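Asks: Quick one: the structure is below, questions incoming.
The values are calculated or read from the model by the stated rules, or taken from the named source; none is laboratory data. Keep in mind that this is a model prediction, so the values were computed, not measured. Don't worry about glycine lacking a Cβ; one is built from the backbone with ideal geometry, like all the others, and counts go over all protein chains shown. Remember, those area values only see protein heavy atoms, side chains included, never the ligands or the DNA or RNA. Shrake-Rupley method; radii C 1.70, N 1.55, O 1.52, S 1.80 Å.
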Amino acid sequence: MNKIHVNLKNDSYNIYVGDIFGAHIFKQIEELQINLTERQILIITNSTVAALYLKDTQQLIQAVYPHARVSVLELGDGEQYKNFDSINAILSHMLEHQFNRSSLLVALGGGVIGDMTGFAASIYQRGIDYISIPTTLLAQVDSSVGGKTGINHALGKNMIGAFKQPKLVLINPNVLKTLTDLDFSSGMAEVVKYGLIMDLDFYNYLAHNVAAINLRDLAVLQRMIIKSIQNKVALVEIDEFETGNRALLNLGHTFGHALEKIQQYAGLTHGQGVAIGTVMAARLSSKLGYLSLDCVNNIKNLLSSFKLPVAAPADINVTDMINAMSLDKKNINGTLRLILLEDIAKGIILESVDITTIKNIMVESGVNA
Ligand SMILES: NC(=O)c1ccc[n+]([C@@H]2O[C@H](COP(=O)([O-])OP(=O)(O)OC[C@H]3O[C@@H](n4cnc5c(N)ncnc54)[C@H](O)[C@@H]3O)[C@@H](O)[C@H]2O)c1
(Lines give C-alpha, C1' and ligand atoms only; values in the text may rest on other atoms or scores of the structure.)
Protein backbone atom coordinates (compact mmCIF):
# COMPACT_ATOMS: atom_id res chain seq x y z
CA MET A 1 0.00 0.00 0.00
CA ASN A 2 1.44 3.39 -1.00
CA LYS A 3 0.62 6.49 1.02
CA ILE A 4 0.92 10.02 -0.35
CA HIS A 5 0.48 12.84 2.15
CA VAL A 6 -1.12 16.11 1.01
CA ASN A 7 0.27 18.79 3.28
CA LEU A 8 -2.06 21.79 3.46
CA LYS A 9 -2.42 24.57 6.00
CA ASN A 10 -5.73 23.43 7.51
CA ASP A 11 -6.91 20.35 5.65
CA SER A 12 -4.06 17.88 5.20
CA TYR A 13 -4.99 14.32 4.24
CA ASN A 14 -3.62 11.05 2.90
CA ILE A 15 -4.10 9.31 -0.41
CA TYR A 16 -3.68 5.52 -0.36
CA VAL A 17 -2.93 3.62 -3.56
CA GLY A 18 -3.18 -0.18 -3.57
CA ASP A 19 -5.63 -3.02 -3.12
CA ILE A 20 -7.90 -0.98 -0.88
CA PHE A 21 -10.77 -3.43 -1.26
CA GLY A 22 -8.78 -6.09 0.59
CA ALA A 23 -10.52 -6.16 3.99
CA HIS A 24 -7.25 -6.64 5.82
CA ILE A 25 -5.71 -3.51 4.27
CA PHE A 26 -8.88 -1.45 4.58
CA LYS A 27 -8.85 -2.05 8.32
CA GLN A 28 -5.27 -0.82 8.59
CA ILE A 29 -6.01 2.64 7.25
CA GLU A 30 -5.61 4.83 10.28
CA GLU A 31 -8.15 7.51 9.27
CA LEU A 32 -10.89 4.87 9.25
CA GLN A 33 -10.27 3.90 12.86
CA ILE A 34 -12.43 6.66 14.33
CA ASN A 35 -15.46 5.89 16.48
CA LEU A 36 -18.55 6.27 14.36
CA THR A 37 -21.22 5.10 16.75
CA GLU A 38 -23.81 7.67 15.77
CA ARG A 39 -22.57 8.60 12.37
CA GLN A 40 -24.64 8.42 9.20
CA ILE A 41 -22.78 7.53 6.02
CA LEU A 42 -24.07 8.10 2.49
CA ILE A 43 -22.33 6.40 -0.43
CA ILE A 44 -22.92 8.41 -3.61
CA THR A 45 -22.43 6.54 -6.87
CA ASN A 46 -24.16 5.76 -10.18
CA SER A 47 -25.72 2.58 -11.55
CA THR A 48 -22.68 1.63 -13.67
CA VAL A 49 -20.24 1.78 -10.76
CA ALA A 50 -22.79 0.40 -8.29
CA ALA A 51 -23.18 -2.76 -10.35
CA LEU A 52 -19.42 -3.31 -10.21
CA TYR A 53 -18.13 -2.07 -6.85
CA LEU A 54 -20.95 -1.06 -4.50
CA LYS A 55 -21.29 -4.40 -2.74
CA ASP A 56 -17.58 -4.57 -1.87
CA THR A 57 -17.58 -0.96 -0.74
CA GLN A 58 -20.67 -1.40 1.42
CA GLN A 59 -19.28 -4.52 3.05
CA LEU A 60 -15.98 -2.88 3.85
CA ILE A 61 -17.52 0.30 5.21
CA GLN A 62 -19.96 -1.69 7.32
CA ALA A 63 -17.09 -3.85 8.61
CA VAL A 64 -15.04 -0.83 9.66
CA TYR A 65 -18.02 1.14 10.99
CA PRO A 66 -20.41 -1.54 12.36
CA HIS A 67 -22.54 1.00 14.21
CA ALA A 68 -22.96 3.57 11.46
CA ARG A 69 -26.11 3.77 9.38
CA VAL A 70 -25.03 3.39 5.75
CA SER A 71 -27.29 4.40 2.87
CA VAL A 72 -26.73 4.66 -0.87
CA LEU A 73 -27.77 7.18 -3.51
CA GLU A 74 -27.39 6.32 -7.19
CA LEU A 75 -27.29 9.35 -9.48
CA GLY A 76 -27.59 9.47 -13.27
CA ASP A 77 -24.45 8.44 -15.13
CA GLY A 78 -22.74 11.10 -17.24
CA GLU A 79 -21.44 14.64 -17.42
CA GLN A 80 -24.95 15.89 -18.26
CA TYR A 81 -26.00 14.91 -14.71
CA LYS A 82 -23.33 17.09 -13.09
CA ASN A 83 -25.87 19.76 -12.24
CA PHE A 84 -28.10 21.27 -9.55
CA ASP A 85 -30.74 18.52 -9.90
CA SER A 86 -28.23 15.92 -8.73
CA ILE A 87 -27.00 18.15 -5.90
CA ASN A 88 -30.61 18.67 -4.87
CA ALA A 89 -31.14 14.88 -4.83
CA ILE A 90 -28.13 14.46 -2.51
CA LEU A 91 -29.20 17.26 -0.15
CA SER A 92 -32.81 16.00 -0.06
CA HIS A 93 -31.65 12.48 0.79
CA MET A 94 -29.54 13.80 3.67
CA LEU A 95 -32.33 15.98 5.03
CA GLU A 96 -34.93 13.22 4.73
CA HIS A 97 -32.61 10.83 6.60
CA GLN A 98 -31.71 13.45 9.22
CA PHE A 99 -28.01 13.65 8.46
CA ASN A 100 -26.20 16.00 10.82
CA ARG A 101 -22.87 17.81 10.81
CA SER A 102 -20.97 14.68 11.83
CA SER A 103 -22.33 12.66 8.90
CA LEU A 104 -19.99 11.42 6.20
CA LEU A 105 -20.27 11.26 2.40
CA VAL A 106 -18.40 8.68 0.34
CA ALA A 107 -17.84 9.34 -3.37
CA LEU A 108 -17.68 6.05 -5.26
CA GLY A 109 -17.16 6.72 -8.97
CA GLY A 110 -15.43 8.88 -11.54
CA GLY A 111 -14.79 12.60 -11.65
CA VAL A 112 -18.48 13.45 -12.04
CA ILE A 113 -19.50 11.66 -8.84
CA GLY A 114 -16.42 12.97 -7.01
CA ASP A 115 -16.96 16.61 -7.99
CA MET A 116 -20.63 16.49 -6.97
CA THR A 117 -20.07 14.63 -3.70
CA GLY A 118 -17.39 17.09 -2.65
CA PHE A 119 -19.61 20.04 -3.55
CA ALA A 120 -22.58 18.62 -1.60
CA ALA A 121 -20.24 18.02 1.36
CA SER A 122 -19.06 21.64 1.16
CA ILE A 123 -22.57 23.12 1.45
CA TYR A 124 -24.59 20.68 3.59
CA GLN A 125 -25.05 22.36 6.98
CA ARG A 126 -22.08 24.59 6.07
CA GLY A 127 -19.76 21.69 5.50
CA ILE A 128 -19.41 18.00 6.41
CA ASP A 129 -16.67 15.40 5.80
CA TYR A 130 -16.31 13.29 2.69
CA ILE A 131 -13.95 10.59 1.52
CA SER A 132 -13.26 9.68 -2.06
CA ILE A 133 -12.98 6.28 -3.74
CA PRO A 134 -12.22 7.28 -7.34
CA THR A 135 -12.87 4.54 -9.90
CA THR A 136 -11.80 6.08 -13.23
CA LEU A 137 -8.24 6.79 -14.31
CA LEU A 138 -9.08 10.48 -14.62
CA ALA A 139 -10.46 10.62 -11.10
CA GLN A 140 -7.55 8.64 -9.64
CA VAL A 141 -4.84 10.82 -11.18
CA ASP A 142 -6.55 14.18 -11.05
CA SER A 143 -10.05 15.06 -9.88
CA SER A 144 -9.97 13.25 -6.51
CA VAL A 145 -6.86 15.20 -5.50
CA GLY A 146 -6.77 18.88 -4.58
CA GLY A 147 -10.27 19.71 -3.40
CA LYS A 148 -11.85 21.36 -6.43
CA THR A 149 -15.51 20.41 -6.37
CA GLY A 150 -18.53 21.60 -8.31
CA ILE A 151 -21.12 21.28 -11.04
CA ASN A 152 -21.73 22.61 -14.55
CA HIS A 153 -24.15 25.36 -15.53
CA ALA A 154 -25.81 25.68 -18.95
CA LEU A 155 -23.65 28.78 -19.40
CA GLY A 156 -20.35 27.22 -18.45
CA LYS A 157 -18.42 24.18 -17.27
CA ASN A 158 -17.64 23.84 -13.53
CA MET A 159 -19.02 27.34 -12.95
CA ILE A 160 -20.59 26.55 -9.56
CA GLY A 161 -18.39 25.03 -6.89
CA ALA A 162 -16.16 25.24 -3.86
CA PHE A 163 -12.75 24.22 -2.62
CA LYS A 164 -13.37 21.32 -0.24
CA GLN A 165 -10.61 18.85 0.55
CA PRO A 166 -11.57 15.22 1.24
CA LYS A 167 -10.63 13.59 4.56
CA LEU A 168 -9.11 10.65 2.74
CA VAL A 169 -8.69 9.26 -0.79
CA LEU A 170 -8.63 5.50 -1.44
CA ILE A 171 -7.35 4.45 -4.86
CA ASN A 172 -7.52 0.91 -6.20
CA PRO A 173 -5.86 0.68 -9.65
CA ASN A 174 -7.47 -2.78 -10.09
CA VAL A 175 -10.85 -1.21 -10.77
CA LEU A 176 -9.51 0.34 -13.98
CA LYS A 177 -9.78 -3.06 -15.67
CA THR A 178 -13.52 -2.56 -16.13
CA LEU A 179 -13.28 0.93 -17.67
CA THR A 180 -14.25 1.29 -21.31
CA ASP A 181 -11.40 2.09 -23.73
CA LEU A 182 -12.93 5.54 -24.18
CA ASP A 183 -12.88 6.33 -20.46
CA PHE A 184 -9.42 4.87 -20.02
CA SER A 185 -7.97 6.97 -22.83
CA SER A 186 -9.77 10.07 -21.50
CA GLY A 187 -7.83 9.70 -18.26
CA MET A 188 -4.58 9.57 -20.22
CA ALA A 189 -5.11 13.19 -21.36
CA GLU A 190 -4.69 14.35 -17.75
CA VAL A 191 -1.76 11.96 -17.20
CA VAL A 192 0.13 13.33 -20.23
CA LYS A 193 -0.61 16.83 -18.91
CA TYR A 194 1.67 16.30 -15.88
CA GLY A 195 4.58 15.39 -18.14
CA LEU A 196 3.90 18.39 -20.36
CA ILE A 197 3.65 21.05 -17.68
CA MET A 198 6.34 19.91 -15.26
CA ASP A 199 7.97 16.48 -15.53
CA LEU A 200 10.20 15.49 -18.44
CA ASP A 201 11.19 12.11 -16.97
CA PHE A 202 7.51 11.24 -16.60
CA TYR A 203 6.74 12.36 -20.17
CA ASN A 204 9.53 10.07 -21.42
CA TYR A 205 8.31 7.24 -19.17
CA LEU A 206 4.86 7.49 -20.76
CA ALA A 207 6.33 7.57 -24.27
CA HIS A 208 8.38 4.42 -23.52
CA ASN A 209 5.46 2.54 -22.00
CA VAL A 210 2.64 3.19 -24.45
CA ALA A 211 1.99 -0.50 -25.14
CA ALA A 212 2.00 -1.51 -21.46
CA ILE A 213 -0.26 1.39 -20.55
CA ASN A 214 -2.75 0.58 -23.30
CA LEU A 215 -2.74 -3.05 -22.13
CA ARG A 216 -3.40 -1.71 -18.59
CA ASP A 217 -0.39 -3.45 -17.10
CA LEU A 218 -1.10 -3.09 -13.38
CA ALA A 219 2.47 -2.36 -12.26
CA VAL A 220 2.90 0.34 -14.90
CA LEU A 221 -0.52 1.84 -14.12
CA GLN A 222 0.23 1.96 -10.41
CA ARG A 223 3.54 3.76 -11.02
CA MET A 224 1.86 6.15 -13.45
CA ILE A 225 -0.95 6.94 -11.01
CA ILE A 226 1.43 7.58 -8.11
CA LYS A 227 3.70 9.83 -10.19
CA SER A 228 0.70 11.78 -11.50
CA ILE A 229 -0.63 12.31 -7.99
CA GLN A 230 2.79 13.38 -6.70
CA ASN A 231 3.00 16.00 -9.45
CA LYS A 232 -0.48 17.31 -8.71
CA VAL A 233 0.12 17.35 -4.96
CA ALA A 234 3.32 19.38 -5.46
CA LEU A 235 1.32 22.13 -7.20
CA VAL A 236 -1.66 21.97 -4.82
CA GLU A 237 0.58 22.23 -1.74
CA ILE A 238 2.15 25.49 -2.92
CA ASP A 239 -1.08 26.98 -4.27
CA GLU A 240 -4.19 25.38 -2.75
CA PHE A 241 -6.63 28.01 -4.04
CA GLU A 242 -5.14 28.50 -7.52
CA THR A 243 -3.85 32.04 -7.23
CA GLY A 244 -0.64 31.15 -9.08
CA ASN A 245 1.10 28.10 -10.50
CA ARG A 246 -1.70 25.60 -9.77
CA ALA A 247 -3.31 27.08 -12.91
CA LEU A 248 -0.73 25.12 -14.95
CA LEU A 249 -2.97 22.11 -14.33
CA ASN A 250 -5.45 23.75 -16.68
CA LEU A 251 -3.32 23.12 -19.77
CA GLY A 252 -5.73 22.52 -22.65
CA HIS A 253 -8.76 23.03 -20.40
CA THR A 254 -9.96 26.45 -21.61
CA PHE A 255 -10.27 25.10 -25.16
CA GLY A 256 -11.49 21.72 -23.90
CA HIS A 257 -14.19 23.15 -21.65
CA ALA A 258 -15.47 25.26 -24.57
CA LEU A 259 -15.75 22.12 -26.73
CA GLU A 260 -17.58 20.26 -23.96
CA LYS A 261 -19.98 23.13 -23.37
CA ILE A 262 -20.78 23.61 -27.08
CA GLN A 263 -21.70 19.92 -27.21
CA GLN A 264 -23.86 20.40 -24.08
CA TYR A 265 -21.69 18.00 -22.05
CA ALA A 266 -22.95 15.05 -24.08
CA GLY A 267 -20.37 14.87 -26.88
CA LEU A 268 -16.65 14.67 -26.24
CA THR A 269 -15.58 13.33 -22.85
CA HIS A 270 -13.69 15.73 -20.57
CA GLY A 271 -10.40 13.99 -21.36
CA GLN A 272 -11.02 14.11 -25.11
CA GLY A 273 -11.72 17.84 -24.86
CA VAL A 274 -8.51 18.31 -22.86
CA ALA A 275 -6.50 16.35 -25.47
CA ILE A 276 -7.76 18.51 -28.35
CA GLY A 277 -7.27 21.63 -26.20
CA THR A 278 -3.71 20.55 -25.35
CA VAL A 279 -2.83 20.30 -29.03
CA MET A 280 -4.36 23.76 -29.62
CA ALA A 281 -2.27 25.13 -26.73
CA ALA A 282 0.86 23.47 -28.15
CA ARG A 283 0.20 24.89 -31.63
CA LEU A 284 -0.38 28.33 -30.12
CA SER A 285 2.85 28.04 -28.12
CA SER A 286 4.66 27.26 -31.34
CA LYS A 287 3.01 30.13 -33.24
CA LEU A 288 4.14 32.53 -30.49
CA GLY A 289 7.70 31.26 -30.77
CA TYR A 290 7.89 29.27 -27.53
CA LEU A 291 7.76 25.68 -28.76
CA SER A 292 9.30 23.91 -31.77
CA LEU A 293 7.08 22.26 -34.37
CA ASP A 294 8.88 19.00 -33.59
CA CYS A 295 7.59 19.21 -30.02
CA VAL A 296 4.05 19.93 -31.24
CA ASN A 297 4.18 16.82 -33.41
CA ASN A 298 5.67 14.77 -30.59
CA ILE A 299 2.80 15.80 -28.30
CA LYS A 300 0.20 15.01 -30.96
CA ASN A 301 1.74 11.60 -31.54
CA LEU A 302 1.83 10.74 -27.84
CA LEU A 303 -1.81 11.74 -27.33
CA SER A 304 -2.82 9.79 -30.46
CA SER A 305 -0.95 6.73 -29.24
CA PHE A 306 -3.34 6.73 -26.25
CA LYS A 307 -6.28 6.84 -28.71
CA LEU A 308 -7.10 10.47 -27.93
CA PRO A 309 -8.42 12.89 -30.58
CA VAL A 310 -6.06 15.72 -31.58
CA ALA A 311 -8.38 17.79 -33.80
CA ALA A 312 -11.79 19.35 -33.17
CA PRO A 313 -14.96 17.50 -34.25
CA ALA A 314 -16.52 18.62 -37.54
CA ASP A 315 -19.44 20.65 -36.21
CA ILE A 316 -17.62 23.28 -34.10
CA ASN A 317 -17.18 26.90 -35.19
CA VAL A 318 -14.81 29.64 -34.06
CA THR A 319 -17.48 32.09 -32.86
CA ASP A 320 -19.02 29.49 -30.54
CA MET A 321 -15.57 28.60 -29.24
CA ILE A 322 -14.62 32.23 -28.47
CA ASN A 323 -17.99 32.86 -26.79
CA ALA A 324 -17.64 29.74 -24.64
CA MET A 325 -14.01 30.52 -23.78
CA SER A 326 -14.77 34.07 -22.69
CA LEU A 327 -16.91 32.60 -19.89
CA ASP A 328 -14.19 30.29 -18.63
CA LYS A 329 -13.21 31.06 -15.06
CA LYS A 330 -9.52 30.99 -15.92
CA ASN A 331 -10.02 34.44 -17.46
CA ILE A 332 -9.14 37.50 -15.44
CA ASN A 333 -10.74 40.93 -16.03
CA GLY A 334 -11.90 40.08 -19.54
CA THR A 335 -8.44 38.98 -20.72
CA LEU A 336 -8.09 35.49 -22.09
CA ARG A 337 -5.67 33.65 -19.80
CA LEU A 338 -4.07 30.56 -21.27
CA ILE A 339 -1.63 27.89 -20.21
CA LEU A 340 1.02 27.40 -22.87
CA LEU A 341 4.29 25.49 -23.18
CA GLU A 342 7.80 26.89 -23.39
CA ASP A 343 9.08 23.39 -23.88
CA ILE A 344 8.00 19.86 -23.00
CA ALA A 345 7.80 19.85 -19.19
CA LYS A 346 7.73 23.64 -18.99
CA GLY A 347 4.23 25.12 -18.69
CA ILE A 348 3.73 28.89 -18.58
CA ILE A 349 0.75 31.12 -17.81
CA LEU A 350 0.09 33.85 -20.38
CA GLU A 351 -2.30 36.62 -19.41
CA SER A 352 -3.11 38.13 -22.78
CA VAL A 353 -2.90 36.42 -26.14
CA ASP A 354 -4.01 38.05 -29.38
CA ILE A 355 -7.51 36.81 -30.24
CA THR A 356 -6.85 36.61 -34.01
CA THR A 357 -3.90 34.29 -33.41
CA ILE A 358 -6.10 32.11 -31.19
CA LYS A 359 -8.79 31.95 -33.89
CA ASN A 360 -6.22 30.95 -36.52
CA ILE A 361 -4.94 28.17 -34.28
CA MET A 362 -8.47 26.86 -33.82
CA VAL A 363 -9.00 26.73 -37.57
CA GLU A 364 -5.66 24.88 -37.97
CA SER A 365 -7.02 22.42 -35.40
CA GLY A 366 -10.19 21.63 -37.33
CA VAL A 367 -12.61 24.31 -36.05
CA ASN A 368 -14.78 25.89 -38.77
CA ALA A 369 -13.85 29.56 -39.51
N1 LIG B 1 -12.09 18.41 -9.51
C2 LIG B 1 -11.06 18.40 -10.31
O3 LIG B 1 -9.96 18.85 -9.97
C4 LIG B 1 -11.22 17.81 -11.69
C5 LIG B 1 -10.10 17.56 -12.49
C6 LIG B 1 -10.29 16.96 -13.73
C7 LIG B 1 -11.58 16.62 -14.15
N8 LIG B 1 -12.64 16.89 -13.35
C9 LIG B 1 -13.99 16.51 -13.76
O10 LIG B 1 -14.06 15.10 -13.86
C11 LIG B 1 -15.13 14.76 -14.74
C12 LIG B 1 -14.70 13.66 -15.66
O13 LIG B 1 -14.42 12.52 -14.89
P14 LIG B 1 -14.41 11.05 -15.51
O15 LIG B 1 -13.63 11.05 -16.77
O16 LIG B 1 -14.04 10.14 -14.42
O17 LIG B 1 -15.93 10.86 -15.97
P18 LIG B 1 -17.17 10.07 -15.29
O19 LIG B 1 -17.21 10.31 -13.85
O20 LIG B 1 -18.35 10.44 -16.11
O21 LIG B 1 -16.79 8.54 -15.55
C22 LIG B 1 -16.71 8.06 -16.86
C23 LIG B 1 -17.55 6.79 -17.04
O24 LIG B 1 -16.89 5.70 -16.40
C25 LIG B 1 -17.84 4.96 -15.61
N26 LIG B 1 -17.05 4.29 -14.59
C27 LIG B 1 -16.51 4.83 -13.47
N28 LIG B 1 -15.70 3.94 -12.88
C29 LIG B 1 -15.75 2.80 -13.61
C30 LIG B 1 -15.10 1.54 -13.52
N31 LIG B 1 -14.17 1.28 -12.59
N32 LIG B 1 -15.40 0.60 -14.45
C33 LIG B 1 -16.29 0.87 -15.44
N34 LIG B 1 -16.89 2.04 -15.61
C35 LIG B 1 -16.62 3.01 -14.69
C36 LIG B 1 -18.79 6.01 -15.16
O37 LIG B 1 -20.01 5.45 -14.75
C38 LIG B 1 -18.92 6.87 -16.42
O39 LIG B 1 -19.84 6.28 -17.31
C40 LIG B 1 -15.51 16.04 -15.47
O41 LIG B 1 -16.72 16.52 -14.97
C42 LIG B 1 -14.39 17.00 -15.12
O43 LIG B 1 -14.81 18.34 -15.11
C44 LIG B 1 -12.49 17.47 -12.13
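Asks: Checking LEU42 against (1) more than 16 Å from the ligand (Cβ to nearest atom); (2) assigned to a helix (DSSP H, G or I); (3) open to solvent by less than 30 Å² (accessible area, probe 1.4 Å), only one condition comes out false. Which one?
Replies: (2)
Asks: Quick one: is SER305 open to solvent by 30 Å² or more (accessible area, probe 1.4 Å) and without any contact (Cβ under 8 Å) to a residue 60 or more places away in the chain?
Replies: no
Asks: Looking at (1) over 14 Å from the mean Cα position of the chain (by Cα); (2) within 11 Å of the ligand (Cβ to nearest atom); (3) touching a residue at least 60 places away in the same chain (Cβ under 8 Å); (4) open to solvent by less than 40 Å² (accessible area, probe 1.4 Å), can you tell me which one GLY187 breaks?
Replies: Only one criterion is unmet by GLY187, namely (1).
Asks: Then there is this: What are the residues in the stretch 342-369 that are over 17 Å from ASP315 (Cα atoms) and of a type in the set (Gly, Ala, Ser), if any?
Replies: Of everything in the stretch 342-369, those that are over 17 Å from ASP315 (Cα atoms) and of a type in the set (Gly, Ala, Ser) turn out to be ALA345, GLY347, SER352.
Asks: Still on this structure, I have one more. In the stretch 75-126, which residue that is of a type in the set (Phe, Trp, Tyr) and outside any loop (DSSP other than H, G, I, E, B) is surrounded by the most Cβ atoms within 10 Å (Cβ to Cβ)?
Replies: For the stretch 75-126, the residue satisfying everything is PHE119.
Asks: Give the stretch 127-172 a look and list any residue that's open to solvent by 20 Å² or more (accessible area, probe 1.4 Å) and more than 9 Å from the ligand (Cβ to nearest atom), or say none.
Replies: Selection gives ASP129, HIS153, ALA154, LEU155, MET159, ILE160, ALA162, PHE163, LYS164, LYS167.
Asks: Read through the list (1) β-branched (Val, Ile, Thr); (2) away from the ligand (no atom under 12 Å from the Cβ); (3) under 20 Å from ASN7 (Cα atoms), then give the number of the only condition that VAL192 fails.
Replies: Here VAL192 clears every test but (3).
Asks: May I pose another question? Give me a count of the residues in the stretch 1-12 that are modelled with pLDDT under 95 and either part of a strand (DSSP E or B) or closer than 12 Å to ASN172 by Cβ (or both).
Replies: Looking only at that region, the number is 3.
Asks: Go through the stretch 231-281 and give me each residue that's away from the ligand (no atom under 13 Å from the Cβ) and either assigned by TED's automatic domain parsing to the domain that holds SER12 or at positive phi (or both).
Replies: Matches in the stretch 231-281: GLN264 only.
Asks: Pairs, please: C-beta under 9 Å, at least 6 apart or cross-chain, first residue without any contact (Cβ under 8 Å) to a residue 40 or more places away in the chain and under 27 Å from LEU138 (Cα atoms) and in the stretch 79-108, second assigned to a helix (DSSP H, G or I) and open to solvent by 40 Å² or more (accessible area, probe 1.4 Å)?
Replies: Every condition considered, the pairs that remain are LEU91/ILE123.
Asks: Can you tell me which residue in the stretch 280-297 is farthest from VAL310 (Cα to Cα), limited to those that are open to solvent by 70 Å² or more (accessible area, probe 1.4 Å), free of Cβ contacts under 8 Å to residues at least 12 places away in the same chain and out of contact with any Ser or Thr (no Cβ under 8 Å at 6 or more places or on another chain)?
Replies: ASP294
Asks: Taking the stretch 114-145 on its own, how many of its residues are touching a strand residue (DSSP E or B) at 6+ places or on another chain (Cβ under 8 Å) and under 25 Å from VAL192 (Cβ atoms)?
Replies: 13
Asks: Within the stretch 190-220, count every residue that is open to solvent by 60 Å² or more (accessible area, probe 1.4 Å) and closer than 23 Å to ASN245 by Cα.
Replies: Summing the residues that are open to solvent by 60 Å² or more (accessible area, probe 1.4 Å) and closer than 23 Å to ASN245 by Cα in the stretch 190-220 gives 4.
Asks: One residue is enough: does the stretch 191-207 have a residue meeting the conditions among the β-branched types (Val, Ile, Thr) and under 15 Å from the mean Cα position of the chain (by Cα)?
Replies: Yes: one or more hits.
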